[in-house]
Amino acid sequence: MGSIPEKLNRYLFGVLAVLALVILSYISSENFLLFHSLTEGFSICIAFCIFVVAWNSRQFSENDYLLFLGCAYLFIAFLDLIHTFAYKGMNIFTDLGPNPATQLWIAARYMESVALLVAPFWLTRRLRLGMTSFCFAILTTLVLSAVFYWHVFPDCFVVGYGLTPFKKFSEYIICLFLMGALASLWLNRGLMD
């Protein structure tokens, strides 16, 4: 049975969580751009914190699973940051329209789902951090070049039409990757400390 301060802390946390949801709901109805920026900023902070925890705990870990994910989430956070800057109405990248932001979002979700899918591989193998970081940097550069410079990344949003079949189909593929990642993690749960 919890003590009175523990119960009070749980009650206070619950009240603050409900208050935060009410405030975010109000913000989303009044200013969606602000709501989008806040939620993306929160997810970017979480991704960066995953990197920080993985980096600072690497010498204590028995495997390189978390280190691989930390490295991946550093670059995912960067793509999400550029996605947030490219979002229509932010006026940071002018005259782009909504397509590049949607392309970056889908690219970041692909990178995230594939990283989660292959991360259990590093439960039994050693990670070459320099090479892994280099590969993620190259992949991130290729994605940004495909979207902003070469304009060869498949369209995800077309003005007047909406979301493209590529974007919709990609979301199903990403969900399959995430289910595969969950299954792989479940099968390898004995290797986790």
From 118, 158, residue being of a type in the set (Val, Ile, Thr), open to solvent by less than 80 Å² (accessible area, probe 1.4 Å), over 30 Å from residue 97 (Cα atoms) and out of contact with any Phe, Trp or Tyr (no Cβ under 7 Å at 6 or more places or on another chain): 118
Exclusive hit being touching a Phe, Trp or Tyr at 6+ places or on another chain (Cβ under 7 Å) and open to solvent by 60 Å² or more (accessible area, probe 1.4 Å), set 75, 134, 85: 85
Filter result for the condition that a residue is over 11 Å from the mean Cα position of the chain (by Cα) and in a helix (DSSP H, G or I), over 119, 47: 119
Residue list for the stretch 51-72, filter: of a type outside the set (Ser, Thr, Tyr), in contact (Cβ under 8 Å) with a residue 24 or more places away in the chain and open to solvent by less than 60 Å² (accessible area, probe 1.4 Å): 51, 63, 64, 67, 68, 69, 71, 72
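Residues checked against (1) at pLDDT 95 or above; (2) of a type outside the set (D, E, K, R):
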residue: 64; (1), (2): no, no
residue: 71; (1), (2): yes, yes
residue: 76; (1), (2): yes, yes
residue: 80; (1), (2): yes, no
residue: 83; (1), (2): yes, yes
residue: 87; (1), (2): no, yes
residue: 95; (1), (2): no, no
residue: 109; (1), (2): yes, no
Scope the stretch 15-44; condition free of Cβ contacts under 8 Å to residues at least 12 places away in the same chain and within 18 Å of residue 81 (Cβ to Cβ); matching residues: 34, 35, 42
Selected residue (only one of 104, 182, 127 is under 18 Å from the mean Cα position of the chain (by Cα) and open to solvent by less than 30 Å² (accessible area, probe 1.4 Å)): 104
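The values are calculated or read from the model by the stated rules, or taken from the named source; none is laboratory data. As the structure is a computational prediction, the values presented were derived from the model and not from experiment. Every residue, glycine as well, gets a Cβ built from its backbone with ideal geometry; the counts of neighbours run over all protein chains shown. Just so you know, the surface numbers come from the protein's heavy atoms only, side chains and all, with ligands and any DNA or RNA stripped out. Shrake-Rupley method; radii C 1.70, N 1.55, O 1.52, S 1.80 Å.
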